[in-house]
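A.B. asks: Let me begin by handing over the structure; questions about it come next.
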Amino acid sequence: MQMDEHSQMAMNDHSQMGHHDMTMGDMDMGNGHMMHMGNLKRKFWVSLVLTIPILLLSPIMGKQLPFQLTFPGSDWVIAVIGTILFFYGGAPFFSGAYGELASKKPAMMTLITMGIGVAYIYSIYSLIANDIFHVTPTVTNFFWELATLIDIMLLGHWVEMNAVMNAGSAVDALGKLLPQTAHVVGDDGKTTDVNLADLKTGQTVEVRAGEQIPADATILNGSSAVNESLVTGEAAAVKKTKDDQVIGGSVNGDGTFTAKVTGTGDSGYLAQVMTLIQNAQDAKSASENLADRVAGYLFYAALIVGIVAFVVWLGLTNLTTALPVAVAVFVIACPHALGLAVPLVVARSTSLAAQNGLLLRNRDVLEQVGHLKYALMDKTGTLTQGHFTVNHVQSLTDQASDHDILQLMANLESGSSHPLATGILTAAKDADLTVKAAKDAKQTTGVGQFGTIDGTTYGLVAVNYLDKHNLDYDHDQFKSLAAEGNSISFLVTDDQVLGLVAEGDQVKPTAGKLIKALKRHGITPVMLTGDNRETADKVAHAVGIDDVQARLLPEDKEKLVQEYQQRGKVLFIGDGVNDAPSLARADIGMAIGSGTDVAIEAADVILVASKPADVIQFLALARATNRKMTENLWWGAGYNLIAIPLAAGILAPIGFILNPMVGAIVMSLSTVIVAINALTLHLEKID
């Protein structure tokens, strides 16, 4: 399924959301050879119908059962139906095997093709030997095994594709929360109901008590309590008032409000979530590559063991005995359980992640967790709330009062969404100051905000700017305010420092728990911040971090990521905007934010609830997922490791040889075990 179609279906035709059309979706059958899900489903049902007469007419391992029929020419009927079934039902596997062999990497599809190919060729050989040359004793055919193997493989891959597509069902279900219509408020104040597909960004909508919010929006008037469980995973109501953001699909409480639409269709939050999930499903994980490598090894093992067994049995007995043994080895080698081992776990893991507010953009990172040595994290917004309040404003010039300084700062920051800017603007509002936007406003990352007010250029900068330009300031006052946990900004013009503002932030309640959990897992926490050393040290001490890097620019953070990578694998946790270079550079980039403001293209994982404790959830999920992957790989490969030598006759001296029928039954059981094991993956909720 293409992502644009997926998003459009999710956002513009929600009435069909969550009802996966089995004619949609593609599956990689090996090295880029895609199989359409509708075709796969159709092939399974047609193959199953063709199997019925084969089961009724073909002896099972040469034994006639009471329900089976025979008549003159029945063997030829079986051969014709078996041939149709082989070429029709086996086509997806042939295509996949061709791709694998063309790239010189035989894997899953090659193994399956070898199994059903050998079964078919040997069965045709038995038909010729029995019905044309009338050899004695008669040669047992494998049409019964061929048919059931093809059915099992097609069913398994259909189930696999359906499971992987439905891995995002927890996210798709969010689309059902979207109402069919939205109440649009016109310029004349009248409300008109429009189809959700016709809703446009910038329009004003009215959301009434108990309704689902139709799209991402900013509240203009009114207030309410909104259930944002789709974001946080928790059903607690969140108070929303003017200027607050609401997310499409959230459930409104008992209040009524109007809001300006900020995101619809592909730009909406739900569409972004679905894109992330789809991308995570499409990505080929390292464990799947491992599964393919294991299948490649099994292919060579079966090929070698089959040939050796044929030669040995031919030397000890005759062709009539040796050939069936070799065929049994090739047929039994089919690795269906191995093919399902990883995808089913990933499907379950992706679903659990979505339910717990963990958006996995790149599921490869799940396998990196066990090798992590360092967790580098930004301070503001990650360890702290990111909601600054002004604790101190002071004019440092006789030409301006404290209020004048705050006024100039607010004018500079009027167009900024930085947390420090928000704190200043809130203080200006509380002081009843009239804010006028500065002209030519420009933010320099890691330095400050600049702009022109009444013809004079001002800058609101950090202390490193003063040090770099040798501007004089009261160092003792700076250290005193910073030691209290404040972030200090200075208002400057030309070579003069006009004033300062000290803003405080609060440590998140679960930040300390995160640091303890990281240490418990053998991961060293490191705090990176552009803030001053005094403030950084206070926050670090509060949460239990020993390694602190302060007064950093974004490029400094990226360099530090590279430096720590020289010592081991690095997890970087940041806000996803200013930290984008570091997020992209780290072995695991984790953006902690609302899910709408983060640079999702830079991060591997997004924690939409902005809670540090969710990092622990991710670590727990990754470890549980890797454990299930390993278990399933052993279940899948273990069957083959045992069945192949048994089919080759390793226990023949004591009178035991595994026949293909028993092997097929055991194979089916191993597939069931793999599926059940994947479904038992769970994640305990961490408060």
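A.B. asks: If we restrict to alpha carbons, what Rg and Dmax does region 509-562 come to, in Å?
C.D. replies: 11.5, 30
A.B. asks: Which percent of Cα-Cα pairs in region 429-483 sits in each 5 Å bin, short to long?
C.D. replies: Per 5 Å bin, starting at zero, the Cα-Cα P(r) for region 429-483 comes out as 4, 15, 17, 20, 19, 17, 7, 0 percent.
A.B. asks: For every other residue with a beta carbon closer than 12 angstrom to the beta carbon of K379, add +1 if it is Lys or Arg and -1 if Asp or Glu, then tell me the sum.
C.D. replies: For residues surrounding K379, the net value is -1.
A.B. asks: Hey, what's region 339-459 come to in accessible area per residue, 1.4 Å probe, Å²?
C.D. replies: With the other protein chains kept in place, region 339-459 gives 43 Å² per residue.
A.B. asks: Ignoring ligands and nucleic acids, what accessible area does V325 show with a 1.4 Å probe (Å², nearest 10)?
C.D. replies: 10
A.B. asks: Would you check the accessible area of R361, probe 1.4 Å, heavy atoms only, in square angstrom rounded to 10?
C.D. replies: Its heavy atoms expose roughly 80 Å² to the probe.
A.B. asks: In a shell of Cβ-Cβ distance under 12 Å around E503, excluding E503 itself, what net charge do Lys and Arg (+1) and Asp and Glu (-1) give?
C.D. replies: Values: positive: none; negative: E413, E484, D505, D531.
It works out to a net charge of -4.
A.B. asks: Taking a 1.4 Å probe, which of W45, W144 shows the most accessible area, and what order do the others take after it?
C.D. replies: Numbers: W45 125, W144 30 Å².
Order by accessible area, largest first: W45, W144.
A.B. asks: Between L669 and K104, what length comes free when the chain is fully extended (0.36 nm per residue of separation minus the Cα-Cα distance, one decimal in nm)?
C.D. replies: 200.3 nm
A.B. asks: Considering all alpha-carbon pairs of region 387-476, what whole percent are spaced by more than 19 angstrom?
C.D. replies: Counting every Cα pair in region 387-476, those more than 19 Å apart make up 40 percent.
A.B. asks: In whole angstrom, how far apart do the alpha carbon centroids of region 432-473 and region 109-143 sit?
C.D. replies: 84
A.B. asks: Still on this structure, please answer the following. Kindly state, to the nearest 0.05, the FRET efficiency for Q477 paired with L319, given R0 = 60 Å and r defined as their beta-carbon distance. Don't jump to the answer; show the numbers that get you there.
C.D. replies: Working: r = 98 Å, r/R0 = 1.63.
E(calc), rounded to 0.05, equals 0.05.
A.B. asks: Using alpha carbon centroids, what distance separates region 308-323 and region 338-407, in Å?
C.D. replies: 65
A.B. asks: List the residues whose amide H sits under 5 Å from the amide H of F388, counting only those 5 or more places along or on another chain, with H placed 1.01 Å from N in the peptide plane.
C.D. replies: Residues meeting the amide H criterion: G423.
A.B. asks: What residues have an amide H closer than 5 Å to that of L372, excluding those fewer than 5 places away on the same chain, when H is modeled at 1.01 Å from N in the peptide plane?
C.D. replies: none
A.B. asks: For K104, K379, K260, K239, what's the largest-to-smallest order of accessible area, 1.4 Å probe?
C.D. replies: Largest to smallest exposure gives the sequence K104, K239, K260, K379.
A.B. asks: Determine the sum of side-chain charges near G370: Lys and Arg each +1, Asp and Glu each -1, restricted to other residues whose C-beta is under 12 angstrom from that of G370.
C.D. replies: Around G370, the charge tally is +2.
A.B. asks: Right, something else. Cα-Cα over 18 Å: which of K200/K260; K379/K508; K379/K516; K538/K611; K373/K519; K379/K513?
C.D. replies: From the list (K200/K260; K379/K508; K379/K516; K538/K611; K373/K519; K379/K513), the Cα-Cα distance tops 18 Å for K538/K611.
A.B. asks: Another question, then. Quick one: ranking D474, D440 by accessible area, 1.4 Å probe, largest first, what do you get?
C.D. replies: On the way: D474 85, D440 130 Å².
So, going from the largest accessible area down, we get D440, D474.
A.B. asks: Considering amide H positions built from the backbone, and no H for Pro or chain starts, which residues 5 or more places from D531, or on another chain, come under 5 Å of its amide H?
C.D. replies: Result for D531 returns R551, L552.
A.B. asks: Moving on. Compute, for K242, the solvent-accessible surface of its heavy atoms (probe 1.4 Å) with the complete set of protein chains present, and express it in square angstrom to the nearest 10.
C.D. replies: Surface open to solvent at K242 totals about 130 Å².
A.B. asks: In sequence order, what are the phi-derived ³J(HN,Hα) couplings for region 614-620 according to the Karplus relation 6.51 cos²θ - 1.76 cosθ + 1.60 with θ = phi - 60°, rounded to whole Hz, with x for glycine and proline?
C.D. replies: For region 614-620, the Karplus curve yields 5, 5, 5, 4, 4, 4, 5 Hz.
The values are calculated or read from the model by the stated rules, or taken from the named source; none is laboratory data. Worth saying up front: this structure is predicted, and the values here are computed from it rather than measured. Using ideal geometry, Cβ is built from the backbone for each residue, glycine included, and neighbour counts are taken over all protein chains shown. In case anyone asks, the SASA skips ligands and DNA or RNA and just uses the protein heavy atoms, side chains included. Shrake-Rupley method; radii C 1.70, N 1.55, O 1.52, S 1.80 Å.
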